[in-house]
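Structure first, commentary second.
The values are calculated or read from the model by the stated rules, or taken from the named source; none is laboratory data. Remember, predicted model here, so these are calculated numbers, not experimental data. Don't worry about glycine lacking a Cβ; one is built from the backbone with ideal geometry, like all the others, and counts go over all protein chains shown. These area figures cover heavy atoms from the full protein model, side chains too; ligands, DNA and RNA do not enter into them. Shrake-Rupley method; radii C 1.70, N 1.55, O 1.52, S 1.80 Å.
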Amino acid sequence: MVINIFRRRPQFYLMNFSFKSIALLLAALFFFTFSGVAQEDDSRNFFVHQDESDNFLIFQKLEWNAGSHIKWYEINLEMLEDATGTWVPVNNAIPAEHTNVMIGSIPELIADGIYKSQENHITVCLRAKESGEPQKYRYAVTSYNLLGQKSFSTEYTEFEINKAYFPEIERVSPDLIYLDTIYDPAIRVTGENLRFNTDYYLFNDKEIIRPLEIIRDDNNRRADVVFDPRTFDTGNWFLRAENPGGFTADSPITIKFMKWYDFSLSLGYSPLVIVYDENIKNYYFTNFMPLGFDVRGTFIFLKKRAGYFGVSINGKWNTIATTSSKYDISINLANAFLAFTYRYPIIRNRLTVEARAGGGLTYTSTRFSFAQNLSSDPFASMYPAVTAGVSIAGYAWRGLYFEVGADFITAFSPNMIIMGIAPTISVGWTL
């Protein structure tokens, strides 16, 4: 065999050309219609043949300027031998599988390293070194006129055959980007044969977006491709990984201007100050409950230029224990609210302000303790309540945000109205 054969991740050999004369090596790719032959972009200087055994061969085409009144061409093909440092003839450039590939006329080996062709090109199958290092080749072309006499000979043109790798993309993250949310401009690509010289870019049928930076992984399995967010445009894109020689792998990416929904979850510290009801201070000796927490889930389902609209579910819990000469008292207070929510992005992806209002329930549980270890049963009550609040949130990284705000709470018991203010400092994440 003249190339390595791989069933799943085939590795091929490519040519890296240096020109010395009028002989030109033009990129040419053939399209095939019969079973077992891969079809590729015609901008490449190779084509791939897959035989009946699922093995792969890669063929390169050498082409030169055609002369006038030429009957045939002789191509002298040689390889640099490392052991001796001399150029030796190449006799295996046309493998047996070559005859099964529809490439036009088949070149004829007429002498050591000399091939005959009636066309101004020859299609060969060459290889790199077993170590994967480049293998140097050279060739010269001699033309014969209609009388069979030598017409013209070119100088030798040297080129290299390099080992090529077929990239595979298994996953890209993220594969869906919303421009109205915080996102990392680095797209992580995971796959196979993502090498040090693999090129990456976004493309569609209109344009190509090149990255600012490529952070590569040493095991050829991963790369972080960093783009300038200002170059992103909405639409359906493909992220392409391209190895030397034009071997490519693509993975779809969608860029949208606005995500139709947001879901946020936050957890924070929230003390409670009772601002109206003298009975609280008279019986409980304080109107401040310093220990408390707040949990809030918000679902934004409508986004307009005027702002974002949604609903939130909010739970608060506060507790305190106080002591007097007559008794000790412990209080637990919980609130649960469903509220309509309005958000406005002051600075897109960075700073938002929120207002909310709704209703729910307030639950209290009180226990008195006296001397001689005597304790009352808990006094538990539940009242309807309303709330209104404001907050401002700053986004630190992707969906991570920090929020400060306050909620005004009013609970309606049969004998009194309790009003309180709950300032909140929280941390949250927006999906």
Give the residue, chosen from 142, 198, 190, that is within 18 Å of residue 115 (Cα to Cα), touching a strand residue (DSSP E or B) at 6+ places or on another chain (Cβ under 9 Å) and open to solvent by less than 40 Å² (accessible area, probe 1.4 Å). 142
Reported set for segment 273-311 where residues are β-branched (Val, Ile, Thr), at pLDDT 90 or above, over 20 Å from residue 425 (Cβ atoms) and open to solvent by 20 Å² or more (accessible area, probe 1.4 Å) is 311
Segment 245-267 residues that are closer than 20 Å to residue 229 by Cα, paired with ones that are of a type in the set (Asp, Glu) and open to solvent by less than 30 Å² (accessible area, probe 1.4 Å) (beta carbon under 9 Å, 6 or more apart): 256/180; 257/180; 258/180; 259/180
Consider residue 350 against the criteria (1) more than 30 Å from residue 183 (Cβ to Cβ); (2) in contact with a strand residue (DSSP E or B) (Cβ under 9 Å, 6 or more places away or on another chain); (3) at pLDDT below 95: it satisfies all of them except one. Which criterion is unmet? (1)
Considering only residues of segment 321-342 that are at pLDDT below 85 and open to solvent by 30 Å² or more (accessible area, probe 1.4 Å), which is nearest to residue 380 (Cα to Cα)? 330
Contact list, first residue from segment 113-124 and within 18 Å of residue 78 (Cβ to Cβ) and in a loop (DSSP other than H, G, I, E, B), second anywhere and at pLDDT 90 or above and open to solvent by 10 Å² or more (accessible area, probe 1.4 Å), beta-carbon distance below 7 Å, six or more apart or interchain, is 113/76; 113/78; 113/89; 113/91
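This table checks each residue for (1) at pLDDT below 85; (2) among the aliphatic types (A, V, I, L, M).
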| site | (1), (2) |
| --- | --- |
| 15 | yes, yes |
| 26 | yes, yes |
| 30 | yes, no |
| 41 | yes, no |
| 71 | no, no |
| 77 | no, yes |
| 86 | no, no |
| 99 | yes, no |
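Conditions (1) more than 28 Å from residue 415 (Cα to Cα); (2) open to solvent by less than 20 Å² (accessible area, probe 1.4 Å); (3) assigned to a strand (DSSP E or B); (4) at pLDDT 95 or above, marked per residue:
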residue: 319; (1), (2), (3), (4): no, no, yes, no
residue: 344; (1), (2), (3), (4): yes, no, yes, no
residue: 366; (1), (2), (3), (4): no, yes, yes, no
residue: 393; (1), (2), (3), (4): yes, yes, yes, yes
Which residue is modelled with the highest pLDDT, if the candidates are limited to segment 105-139 and must be open to solvent by 20 Å² or more (accessible area, probe 1.4 Å) and of a type in the set (Val, Ile, Thr)? 114
Given (1) over 30 Å from residue 404 (Cβ atoms); (2) touching a residue at least 24 places away in the same chain (Cβ under 8 Å); (3) of a type outside the set (A, V, I, L, M), identify the lone condition not met by residue 229. (1)
Being assigned to a strand (DSSP E or B) and under 30 Å from residue 61 (Cα atoms) is the filter here; which residues of segment 239-260 pass it? 239, 240, 241, 242, 243, 247, 248, 249, 250, 251
Kindly evaluate residue 349 against the criterion of being part of a loop (DSSP other than H, G, I, E, B) and open to solvent by 30 Å² or more (accessible area, probe 1.4 Å). yes
Residues in segment 232-259 that are over 14 Å from the mean Cα position of the chain (by Cα) and open to solvent by 60 Å² or more (accessible area, probe 1.4 Å) total 6
Being part of a strand (DSSP E or B) and of a type in the set (Ser, Thr, Tyr) is the filter here; which residues of segment 327-342 pass it? 330, 341, 342
Looking at segment 412-431, I want the residues that are without any contact (Cβ under 8 Å) to a residue 60 or more places away in the chain and have a partner that is not in a loop (DSSP other than H, G, I, E, B) with Cβ atoms under 6 Å, at least 6 apart or on another chain. Which pairs are those? 412/383; 412/384; 413/383
